[in-house]
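I have placed the structure first, in the form of structure tokens, so that the comments after it can refer back to it.
The values are calculated or read from the model by the stated rules, or taken from the named source; none is laboratory data. Predicted model only: the values in this text are computed from it and were never measured. When we count neighbours, we look across all protein chains shown, and the Cβ atoms used for this are built from the backbone with ideal geometry, even at glycine. Heads up: the accessible areas ignore ligands, DNA and RNA and are worked out on the full protein's heavy atoms, side chains in. Shrake-Rupley method; radii C 1.70, N 1.55, O 1.52, S 1.80 Å.
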Amino acid sequence: MRALFRKKVTWAVLAVLAVAGAFALWAFQPWKLFTSSTIDEALPVAQTQTEPQAPPPAATTSATTSETTSATSSASAPPSTSTAPAAPKELASGKFVSQEHTTSGTAAVLELPDGQRILRFTGLSSSDGPDLHVWLSDATAGGDWFKYDDGRHVKLGELKATHGNQNYAIPAGTSLDGLRSVVIWCDRFNVAFGSAPLQL
């Protein structure tokens, strides 16, 4: 045994195995099979706008007149009014279907009152994994995942969490024409964990 470890080829093989093992741990991150994360982001709404109160009448030189005017003004001044927050408009939505991993929940493209568009996940449940991203794709949801990186897709960023409610901003000027699905995409291994159709 000692003679074996004295040979250079033995150390070379051990070095190769160590590098390969380290690479496999980095690439596959097997511990993520047992991890998950949750986020609960609120649905964006417009800020409530409050109308300013009318300014009080100008004060007079008479103390008695000033007090009377002030009392009358307080009684007759209209209370401040507020408008209800405007709700986002739903442009398209669909339910997730499982692909490489079991995935469920709802995806919806929403337009906010200020014109900004977001992708919102509601009740998402999926698996953890390395290098997960959220895409809008021109491919259909479900089925063979090799189609997703062959056509047009819009990257919205890394997946924030494996579970919960979450929002992703859609870049300004993005055309939604022809985009037919939302994909949770593993960029490292080119597989789809799950996808949802975008239906009007």
Check your understanding: In terms of Cα to Cα distance under 17 Å, which aspartates and glutamates are near enough to Lys95, apart from those fewer than 8 places away along the same chain?
Key -> Asp138
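Nearest 0.05, what FRET efficiency do Ala87 and Ser125 give at R0 = 30 Å with Cβ-Cβ as r? Working shown, then result.
Values: r = 25 Å, r/R0 = 0.85.
Computed FRET efficiency for Ala87 and Ser125: 0.75.
Report the net charge of residues surrounding Glu90, where surrounding means a beta-carbon distance below 13 angstrom and charges are Lys +1, Arg +1, Asp -1, Glu -1. Mind showing how you got there, number by number?
On the way: positive: Lys89, Arg117, Arg120; negative: Glu111.
So the environment of Glu90 carries a net charge of +2.
May I ask you to order 118-124, 186-192, 142-148, 101-107 by the average number of other C-beta atoms within 10 Å around their residues, highest value first?
Values: 118-124: 19.9, 186-192: 16.6, 142-148: 15.0, 101-107: 18.1.
Going by the mean number of other Cβ atoms within 10 Å, highest first, we get 118-124, 101-107, 186-192, 142-148.
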Revision key, fill the gap. Once all protein chains are kept in place, Asp150 shows an accessible area at probe 1.4 Å, nearest 10 Å², of 120
Exercise for review: Sum up the charges of everything whose Cβ sits under 13 Å from the Cβ of Asn190, counting Lys and Arg as +1 and Asp and Glu as -1, but leave Asn190 out.
Suggested key: -4
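Largest first, how would Val154, Val182, Val97 line up by accessible area (1.4 Å probe)?
Listed by decreasing accessible area, they come as Val97, Val154, Val182.
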